[in-house]
Amino acid sequence: MIFTILKVIGIILLVVLALILTALLCVLFVPVKYRAVGSFDNTDIRAKAHVSWLLHLFALHIEYADETDGYIRFAFVKKKLFDNYEALDDDDMDEAAKTETEDKVSENTGDESKIPADESEHIADEQTENESTAQTPNEQRTVTDENQHIKQQTKLTHQKTYKKRNKKSHKKQFKDKSEKIKNCIYKLKREYSDERNKAAFLHLKKELFIILKRICPRRLKLTMVYSTGSPDTTGISLGILACFPVGYTNRWRITPDFESEKPYAKGSFDIKGHVIVISILAATLRILFDKNCRRLYNRISR
């Protein structure tokens, strides 16, 4: 009996270890695929980006046109991104509309005689009962429409307040991050001029080039018709674009318009590629375990 229990426990542990090992191998060796397609016509830009992993078990989708929209999905769980505001509940809307209606009614009846406090509740109940029985269908419909209008106005006010507050917080966060980036760039320039850090920067350059090569898209298609508004600058820009080999390898179709007197650019693009985590992880570990890179990090972080 004891041996049977131990055997079952051992089998369960082996199954759990096999599942963990399988998941780890999938994370390391199954590529993360990404693709972005879109079109542009001067400032009118429309684009879609999609990232997937393990037969779309994990997926991230983002669309941009007039507004930004997207979702993230893991297995069968899907969550929407980019909520523009926090929607109020129906109960909150009804309560806000009721309160504002009562305020308007109290303003209209402000000239009436005051009622003693001990009789106010009883008289208010009688008045409410009489008014409810005396209201015609048209009056009831008018009150309902007014409540719906107040409810909609309350929702719009909440949206505007949330957007303003969110915009201020984003500005503050952006300012703080920009200051940190400026300080980091200043320290990097200072350390780059030091001869003792030459080996560290050479190693970083080599490994970062490897990471960039693994991340870069395998396909980058571009179809574009453009003009700078002047034939000479249009020809110069076309010559500059022809200097990049990425255009030849991906068969870019760029057509200059020498006759247009207004600058414009319109076309479409298609970007597709994949990333294998093990290659990025290996390059990162080589940077972390390099003694020159560690010494450089310690000097910058001080």
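The values are calculated or read from the model by the stated rules, or taken from the named source; none is laboratory data. In this text the structure is predicted, and so the values were computed from the model without any measurement. Cβ coordinates were reconstructed from backbone atoms using ideal geometry, including for glycine residues, and neighbour counts include every protein chain displayed. Surface areas here come from the heavy atoms of the whole protein model, side chains and all, with no ligands, DNA or RNA. Shrake-Rupley method; radii C 1.70, N 1.55, O 1.52, S 1.80 Å.
The modelled label-to-label distance for the pair Val37/Lys266, using points 7 Å beyond Cα in the direction of Cβ, is 2.0 nm. Under the simplified labelling scheme, the Gln148-Lys182 pair shows an inter-label distance of 5.4 nm, with each label point 7 Å from Cα along Cα→Cβ.
With a cut-off of 12 Å on the backbone N, the residues of segment 256-283 near the modelled label site 7 Å out from Phe29 along Cα-Cβ are 278.
Selection among Ile215, Ser169, Ala199 by position relative to the dipole of segment 166-221 gives Ser169 as farthest towards the positive end (Cβ unit charges, Cα centre). Rounded to the nearest 0.05, the FRET efficiency derived from the C-beta distance between Ala282 and Lys205 at R0 = 25 Å is 0.90.
A Förster radius of 51 Å, combined with the Cβ-Cβ distance separating Phe58 from Glu259, puts the computed FRET efficiency at roughly 0.55. Listed peptides 14-21, 245-252 appear in the order 245-252, 14-21 once ranked by packing, highest mean of other Cβ atoms within 10 Å at the front. Note on segment 1-57 and segment 189-253: Cα centroid distance 32 Å, given to the nearest whole angstrom.
Surface composition of segment 185-302: carbon plus sulfur atoms hold 65% of the accessible area, using a 1.4 angstrom probe and ignoring ligands, DNA and RNA. Taking packing as the residue-averaged number of other Cβ atoms within 10 angstrom, the listed peptides 66-75, 269-278 run from highest to lowest as 269-278, 66-75.
Per residue, how large is the accessible surface of segment 201-278? Use a 1.4 angstrom probe and give square angstrom.
69 Å²
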